[in-house]
Amino acid sequence: TTPTTRTTPTTRAAPTTRATSSYFPSTTSKMPLSPVQPSQQPPQAPLVFKATPESLLRDTHRLIEASRQLQDHIVATVTPENATFENVILPLTHAENARKAESTQIWFHQHASADPGLQDASREAVKLLDEHDLQVRTRDDLFRLVDIIVNRAEKDAEQLDPEDQHLLKAVHREFFNNGLGLAAGPPRDRFLGIQRRIAEIGIKFKENAAQANKVGNGIWFTSEELNGVPADVLSELRIGTAADGSDEGKLLCTFQDHVRPVLREAKNPETRKRMYVALANRCNENVPLFREVVLLRNEAARLLGYSSHAAFVVEDKMARNTATVHALLDDLRAGLREDAVREVERYKKLKKAKVEAESGPGSWDGRIFHWDMSFYGKTLLEQDYAIDHDEISEYFPLEPTVASMMGIFEHLFGLVFKEMLVEGKPELVWHESVRPFSVWNDESEGGGFLGYLYLDLFVHDTAPGGPGNYPLLPGFVRPDGSNSFPCSALVCGFSQPTPTKPCLLRHFDVTVLFHELGHGIHDLVSKTKYARFHGSGGTVVDFGEGPSQMLENWCWIPSQLKVMSRHYSSLSPEHFRLWQEKTRAKAGPRTTKLETPETALPEHMISNLLKSREANRALKCLGDLRMAIWDFVINDQPTHEAAKQLNISALFNRLDVELYPIDGPDGGAEWGHGYSRNVSFITGDYHASYYGYLFSEVFSKDIFYSFFKDDPTNQTKGRRYRYGLLEKGGSRPEMETLIAYLGREPNPAALYNELGL
């Protein structure tokens, strides 16, 4: 999750560090932590989280006014004759760096603060900053100077280094993308009006989505309707009171925490259906807003001379043109269909057996629905692969698993993590459960400071749904040549451990967690002169997911699963007692002897887990493919009239049936609007770009199979990946970076082979 505006505070506090952490003791990791450096103070103090609504808005107005004054000064003192990169582009970009160094924390408060007033102030501040950014990008006087510099640079390009050249082109394109390539008059006025309206809609869309995603939202069920849901899940559900009216005595299943257990465990298909349909309809007020934005973007792209919004968007991405995207999506669609049908048949056999066992031969109607898939998928894994994900999760207690992951990154990339003491310094974190770390190079890499990493692992009232990575401060070089070091946060929202229940991760959660932590590492090791190019957020969207997608493969390597895993019973005598009680209760009263589990994930479990990966390859890939096709089609209509005639929700649901041989609810094509709470389609980077998840998989698999599959702990290869790919950020065209790292063009063969195509 990457903000369009970034912030950090104006005041800093000196940290205290320690070499060993009570939170992540070295004994929790099978891979020893790298030796720490002698005690030293980081050259940059950590962030401070003590803003008030008043200070947040005051700082925002200060940032905007300083920016406006600089722009006015440049326009007043620089003429077309003496305009250069040094007196126009560089001061504008240094000011942008400084502004981003404060605006990210302003943005983050709406997601992390427990103070509703601060959340509101954050949203208002971001609105003001976005409006200012639009004003900057539509200043014709600045654009004329930038345009002259670009034309001169094309004739004398060797005067600028590659990152400067990349910056100049990016700044020029921003002005052009905001209509300044159009002649003054009605077309430009209409274009600017469209941009303002899209910004207004984006604010309302985010407000609606935030309300829909609010902690505690969900639907009520009776205890009978939740038959099959594990007792430990039922025990944490809120029971309705008289204040809840007709829901008194019922149990609340929230969208944030209980969708998965209900869809996977509830025996009543109507219960699963209600949860599935409710999930797809929890933000329907955004449906007309979404449609309006799609039409406005289509019109704006045509004003700029593009055939569609998709054509406009991909021009500066790695894909470069819509034909490349359509070719990838069409290849995958054709190649995966046959395997998907075969995979679904296995689910249908299980459903047929269950329904006819309960209701007699011939009672099954031959249909299987989306809300059946998790339920019968659990049975499939248990019967065909001897996979019990609840049992596997016992080997992945959250805190030791994260410690082991950090150990892997230390070993591979030459890093050291030092936990900071925050006792008596609550301003160093936004919630008491957050754990901050200073991050350093190890001795082999020079021992220098890299930045700060914040781990917000557990659910609390202010935590956004996760896991997700939030860049809090981008890295860049200041005008005096000193470095601004990055800060990155991993926000997860996992269940809080209790005295009777540790927080255990399913393998899916382990993979997502490693992916998101990978984004944080990307931020920390990236080195760019300009904030806009820093880390994964500074890259184009069809590249940005690739480095973390590549790292996901570690979660399927037997040796690395051994490193990451540790059975929770081995953490302490109390944990061992909890495991005994749970196991005896599950096994029954006649059980007299329990076999102590292995410390790390056993070989037979790893073997079965790897085999199960093959079970649903096509169906899993179709999830991203469906979203990518839908997103690209709605943004690549051949005419504006065709865009107006398109039923966006009907297409969204129809693709469910066309791609998956699985049924949705009866009652028409507009039964749900599952896209309506996804802010990234409106205000983020993913409109006409969701294909990026699949596009970046091409080179992520290429890298893994070319360099790491047979030697995942090779430090030389790890350092080369760090410095050759991660460090570059978006400081040059990403395809250039990738070709330089690979030594050739990326090849889709590894992805296609893994998918069995």
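Rolling a 1.4 angstrom probe over the protein heavy atoms with all chains in place gives region 233-277 an accessible area of 49 Å² per residue.
For the pairs LYS620/LYS717; LYS206/LYS352; LYS586/LYS701; LYS267/LYS709; LYS206/LYS717, note any where the Cα-Cα span goes beyond 32 Å. Correct reply: LYS206/LYS352; LYS586/LYS701; LYS267/LYS709; LYS206/LYS717. Think of each Lys and Arg Cβ as +1 and each Asp and Glu Cβ as -1; about the Cα centre, that makes the dipole of the chain roughly 540 debye. Computing FRET efficiency as 1/(1 + (r/R0)^6) for SER482 and THR639, where r is the C-beta to C-beta distance and R0 is 41 Å, gives about 0.20. Candidates SER433, VAL313, ILE194 compared by Cα position along the dipole of the chain: farthest toward the positive end lies SER433, with charges placed on Cβ.
In whole percent, how big is the carbon plus sulfur part of the accessible area of region 596-739, probe 1.4 Å, protein atoms only? Result for region 596-739: 48 percent of the exposed heavy-atom area is carbon or sulfur. For region 689-757, the square roots a ≥ b ≥ c of the C-alpha gyration tensor eigenvalues yield an a/c of 1.5 or more together with a/b not exceeding b/c, which makes the shape oblate. When all alpha-carbon pairs of region 244-369 are counted, what percent fall beyond 27 Å? Here the tail beyond 27 Å accounts for 55 percent of pairs.
Here the peptides 73-85, 716-728, 369-381, 568-580 are ranked by packing, the mean other Cβ count within 10 Å, and the order with the highest first is 369-381, 716-728, 568-580, 73-85. Three principal axis extents describe the C-alpha atoms of region 668-710; from largest down they are 49, 26, 14 Å. Say the dipole of the chain comes from +1 at the beta carbon of Lys and Arg and -1 at that of Asp and Glu; which of HIS522, LEU412, ALA301 then lies farthest toward its positive end? The residue sitting most towards the positive pole is LEU412. Overall, the anisotropy analysis places region 34-157 in the oblate class: the square-rooted eigenvalues a ≥ b ≥ c of its C-alpha gyration tensor yield a/c not less than 1.5, with a/b not exceeding b/c.
Among residues other than LEU490 with Cβ under 11 Å from its Cβ, the summed charge is -2 (Lys and Arg +1, Asp and Glu -1). Is the shape of region 603-757 rounded, prolate or oblate, going by the alpha carbon gyration tensor and its root eigenvalues a ≥ b ≥ c, with a/c under 1.5 for rounded and a/b larger than b/c for prolate? Note, shape of region 603-757 comes out oblate. Per-residue ellipticity at 222 nm from helix content only, as computed over the chain with -39500 (n - 2.57) for each DSSP H run of at least four residues, stands at -16000 deg cm²/dmol. Taking a straight Cα-Cα cut-off under 14 Å and skipping sequence neighbours fewer than 8 places away in the same chain, the aspartates and glutamates within cross-link reach of LYS214 are ASP257, ASP461.
When the charge dipole of the chain is built from unit charges on Cβ atoms (+1 for Lys and Arg, -1 for Asp and Glu) and taken about the Cα centre, the candidate among THR104, SER444, ILE64 whose Cα reaches farthest toward its positive end is SER444. In terms of Cα atoms, the Rg and Dmax of the chain work out to 26.6, 92 Å. Straightening the chain between ARG506 and HIS73 buys 150.2 nm, computed as 0.36 nm per residue apart minus the Cα-Cα spacing. Once the Cβ-Cβ distance of GLU358 and SER235 is raised to the sixth power relative to R0 = 30 Å, the FRET efficiency obtained is 0.60. Other residues within the sphere of radius under 14 Å centred on the Cβ of PRO261, judged by their own Cβ, net out at 0 (K and R +1, D and E -1). Working ranking of peptides 684-696, 189-201, 235-247 by packing, defined as the average number of other Cβ atoms within 10 Å per residue, highest first, is 684-696, 189-201, 235-247.
Could you please report the charge total around GLY518, scoring K, R as +1 and D, E as -1 over all other residues with beta-carbon less than 11 angstrom from its beta-carbon? Once positives and negatives cancel, what remains is -4. One decimal place: the segment ALA66-LYS155 gains 28.7 nm when fully extended, by the rule 0.36 nm per residue minus the C-alpha distance. Label-to-label distance, ALA740 versus ARG196, with points set 7 angstrom from Cα along the beta-carbon direction: 4.3 nm. Which parts of region 176-203 would a label at LEU134 reach, counting a residue when its backbone N lies under 11 Å from a point 7 Å out along Cα-to-Cβ? Correct set: 192-203.
Magnitude of the charge dipole for region 321-417, about its Cα centre and with charges confined to Cβ atoms of Lys, Arg (+1) and Asp, Glu (-1), is about 500 debye.
Angle of helix 269-279 to the longest C-alpha principal axis of the chain, folded into 0 to 90 degrees and rounded to 10: 10°. Separation of region 294-343 from region 380-437 is 37 Å, based on Cα centroids.
The values are calculated or read from the model by the stated rules, or taken from the named source; none is laboratory data. All values reported here derive from a predicted model rather than from experimental measurement. No Cβ is skipped: glycine too gets one built from the backbone with ideal geometry, and neighbour counts run over all protein chains shown. The area values use the complete protein model at the heavy-atom level, side chains included, leaving out ligands, DNA and RNA. Shrake-Rupley method; radii C 1.70, N 1.55, O 1.52, S 1.80 Å.
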